[in-house]
Amino acid sequence: MRFSEALGRKIVSLSTAETVGLVEEFVVDPRSRRVVALGASKSSTGSTIRWGDIESFGTDAVTVSGADKLAGADAKIDRLSGKDHEFLGKRVLATVGDEIGQVDDVEFDPDSGDILALVLTNGNVDAVRLIGVGSYAVVVKDA
């Protein structure tokens, strides 16, 4: 699945069958190469869902056991979220300083949250090469 396909997806509570928010952001830990949380909008209970609190990540909705799973971000998630840590549209630099493209999308496993690849305008970069993401660029190991 790709980030672009999932942004804006409904977050549904299994206990009430009501929409409790919308997927607004993917919070990625570059060290583990995993989605660790989702940022949510249009929620009355909180703006963050930890990946472990997601019951399923389906093609139509993300499900959680209840609206209480949307909460405030802890310090670790807060450090990894926000505009400076978004992937889409950022330049991709190799560790030698060469620009190798721009992130068009990110492929991830909806079951585990593992990042699989960065989708660039000129091809894919395997996620095992991911080092970090910042306000200016995404940095990857040389090929």
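The values are calculated or read from the model by the stated rules, or taken from the named source; none is laboratory data. Bear in mind that the values here come from a model prediction, so they are computed numbers and not experimental data. Glycine gets a Cβ as well: all are built from the backbone with ideal geometry, and neighbour counts include every protein chain shown. When the accessible area is computed, the model is the full protein with side chains, heavy atoms only, and any ligands, DNA or RNA have been set aside. Shrake-Rupley method; radii C 1.70, N 1.55, O 1.52, S 1.80 Å.
A few notes on this one:
- Amide H contacts under 5 Å for Asp105, placed H, 5+ residues apart: Val119
- Assuming charge only on the beta carbon of Lys and Arg (+1) and of Asp and Glu (-1), the dipole of the chain about its Cα centre is about 280 debye to the nearest 20.
- Think of the chain as a dipole: +1 on every Lys or Arg Cβ, -1 on every Asp or Glu Cβ, centred on the Cα centre; then among Ser15, Gly52, Gly72, Gly72 lies furthest on the positive end.
- Accessible surface of Ile131 - all protein chains present, 1.4 Å probe, nearest 10 Å²: 80 Å²
- Net length available on complete extension from Ile131 to Thr59 is 23.0 nm, with 0.36 nm assigned per residue and the Cα-Cα distance removed.
- The chain: relative contact order as a whole-number percent, Cα under 8 Å and 6+ apart: 22 percent
- Length available on full extension from Asp109 to Arg2: 0.36 nm per residue minus the Cα-Cα distance, which gives 37.7 nm.
- Karplus (6.51, -1.76, 1.60) ³J(HN,Hα), θ = phi - 60°, over the stretch 47-64, in Hz, Gly and Pro reported as x: 10, 9, 10, 5, 3, x, 8, 7, 7, 7, 10, x, 6, 10, 7, 9, 10, 10
- Accessible-area composition of the stretch 1-133, carbon plus sulfur, in percent [1.4 Å probe]: 44 percent
- Across the stretch 116-123, rounded Karplus estimates of 3J(HN,Hα) from the backbone phi angles (6.51 cos²θ - 1.76 cosθ + 1.60, θ = phi - 60°) give 9, 6, 9, 9, 9, 4, 10, x Hz, Gly and Pro being marked x.
- A 1.4 Å probe run over the stretch 37-143, with the rest of the protein chains in place, finds 50 Å² accessible per residue.
- Amide H partners (placed H, <5 Å) of Val28, local residues excluded: Val36
- FRET efficiency for Thr45 and Leu88, using Cβ-Cβ distance with R0 set to 25 Å, rounded to 0.05: 0.40
- Length added when fully stretched, Val96-Glu24, from 0.36 nm per residue minus Cα-Cα: 22.7 nm
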